[in-house]
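Structure, as structure tokens:
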Amino acid sequence: MEKLFAVIGFLIIDLYFNLIPRLFSLETIPWLLYAILFFILVHQVAKLTGLRGIEDLGVKAHFGWKRNLRIGLLLGAGTWAAMYVLLWGFGDFQIVGVKKAPEAVLFAIEVIGVMFLGSLMYNLIVRGYIFAHLKGKIRNAHLLLVSALIFALDDIWLVGFSLSNALFSFILGLSLGYVLLKTGSIWMSTGMHMGVSVMYCFVYGVPGSEAATGLLVTASGDNVSFVLEHAHTFAAIVLLLVILVIYPWLKLNSVHTYRH
């Protein structure tokens, strides 16, 4: 029965997160209300499924959590910025203009705020909630695979199936799950996810509203190749390898070390 309640809880918060924006057109204030209600819902669902609340999903203000968030943001944004520079250099897209102030400033502020909250919300569902219910019950390697698979399946539901996108989501999910497993909190994975999303918005625009453009006004290039078409997957692999190699040198703070 406990497992059934955990599955039902996951479906409740996942459906709320994914369906409300599809069913209703949410401007800034309604979207913020939707986000606030999400955190209240997650906290209550966590308690009803045997957890202490949202803190068990990795929302822990441990020593150094802001630093973890910043490092994650730099890793995600830096990797994706490098990828977009290479895509532009090899002719995958052309830059035909740039948003002018004050529109650019307002766009950047909105994107950073929305992508932080959106990334935190998404990570709470497909990583925080999954880890809270399964950690210690299955091996860590299996936990990473399960959370990455759920992340990929959720992404398929949102944007439709393609092998390339499913593989990209799965690999990115491994990186995000790995840092959550190591730090014990949601902040670094949220920062990485936010960095990836912010860079996408700056180049192409907010998902679902790409016609309004991002900070850059782009046009499709005429250079097509296997590498360019699967650049996001290769970038996700690079990010995973970078995390695995440099993590021991980052000296990140963890809830396993600092408990308040």
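The values are calculated or read from the model by the stated rules, or taken from the named source; none is laboratory data. Just so you know, these numbers come straight off a predicted model, no measurement behind them. A quick note on method: Cβ atoms are made from the backbone with ideal geometry, for glycine too, and the neighbour counts reach across all protein chains shown. The accessibility values were calculated without ligands, DNA or RNA, using every heavy atom of the protein model including side chains. Shrake-Rupley method; radii C 1.70, N 1.55, O 1.52, S 1.80 Å.
Charge dipole (Cα centre; +1 on Lys/Arg Cβ, -1 on Asp/Glu Cβ; no other charges) of the chain amounts to roughly 1160 debye.
Overall, region 7-106 carries a charge dipole of about 320 debye about its Cα centre when +1 sits on the Cβ of Lys and Arg and -1 on the Cβ of Asp and Glu, all other atoms neutral. Under 10 Å, Cα contacts only: if you run a Gaussian network model on the chain, which one of Leu176, Leu158, Leu144 comes out with the highest mean-square fluctuation? Result for the chain, Cα springs under 10 Å: Leu158 fluctuates most.
So, with a 1.4 angstrom probe, what is the percent of accessible area on region 125-260 that is carbon and sulfur?
Summing carbon and sulfur atoms, their accessible area is 67 percent of the total for region 125-260.
Distance cut-off 29 Å, Cα to Cα: go down the list Lys60/Lys137; Lys100/Lys251; Lys60/Lys251 and report the pairs above it. Provide the component values of the computation, followed by the final result.
Details: Lys60/Lys137 22 Å; Lys100/Lys251 39 Å; Lys60/Lys251 18 Å.
In this structure, Lys100/Lys251 lie more than 29 Å apart at Cα.
In terms of the ratio Rg/(2.2 N^0.38 Å) built on C-alpha atoms, what value belongs to region 49-133? After normalising by residue count via 2.2 N^0.38 Å, the value is 1.47. Less than 5 angstrom separates the built amide H of Val217 from those of Val96, Gly97, Val98, Lys99, all sequence-distant by 5 or more or on a different chain. With protein chains left intact and a 1.4 Å probe, residues in the chain average 52 Å² of accessible area per residue. Separation of region 112-162 and region 65-94, taken as the distance between their Cα centroids, equals 21 angstrom.
Ranked from largest, the principal axis spans of the Cα set of region 1-146 equal 57, 36, 32 Å.
Rg and Dmax of region 102-146, both derived from C-alpha coordinates alone, stand at 16.2, 51 Å. Counting only protein chain heavy atoms and rolling a 1.4 Å probe, the accessible areas of Ser162, Ser175 rank, largest first, as Ser162, Ser175. Exposure check, 1.4 Å probe, all protein chains in place: Tyr34 carries approximately 10 Å² of accessible surface. Under Stokes-Einstein, with the Kirkwood radius over Cα pairs as Rh, the value for region 119-260 at 20 °C and 1.002 mPa s is 131 µm²/s. Per-atom-type breakdown for region 55-103 gives carbon and sulfur 69% of the accessible area (1.4 Å probe, protein chains only). Histogrammed with a bin width of 10 Å, the alpha carbon distances of the chain distribute as 7, 29, 37, 22, 6, 1 percent, first bin at zero. By the Kirkwood approach, averaging reciprocal distances over each pair of separate Cα atoms, region 149-229 gets a hydrodynamic radius of 14.4 Å. Taking only Cα atoms and a 10 Å spring cutoff, compute GNM fluctuations for the chain and point out the largest among Ile150, Ile171, Ile40. Ranking Ile150, Ile171, Ile40 by mean-square fluctuation puts Ile40 first. For the chain, a Gaussian network of Cα nodes joined below 10 Å ranks Met115, Met192, Met83 by mean-square fluctuation, and the top entry is Met83. The coefficient of translational diffusion for region 1-85, derived via Stokes-Einstein from the alpha carbon Kirkwood radius under 25 °C and 0.890 mPa s, stands at 159 µm²/s.
What number, rounded to the nearest 500 deg cm²/dmol, is the helix-based mean residue ellipticity at 222 nm of the chain, given -39500 (n - 2.57) per DSSP H run of at least four residues and division by all its residues? Mind showing how you got there, number by number?
Values: 10 runs with 177 residues, N = 260.
Rounded to the nearest 500, it is -23000 deg cm²/dmol.
When Ile130, Ile156 are compared by accessible surface with a 1.4 Å probe, the order from highest to lowest is Ile156, Ile130. The ellipsoid that matches the Cα gyration tensor of region 70-202 has semi-axes, each √(5λ) in whole angstrom, of 29, 17, 13, with the longest given first.
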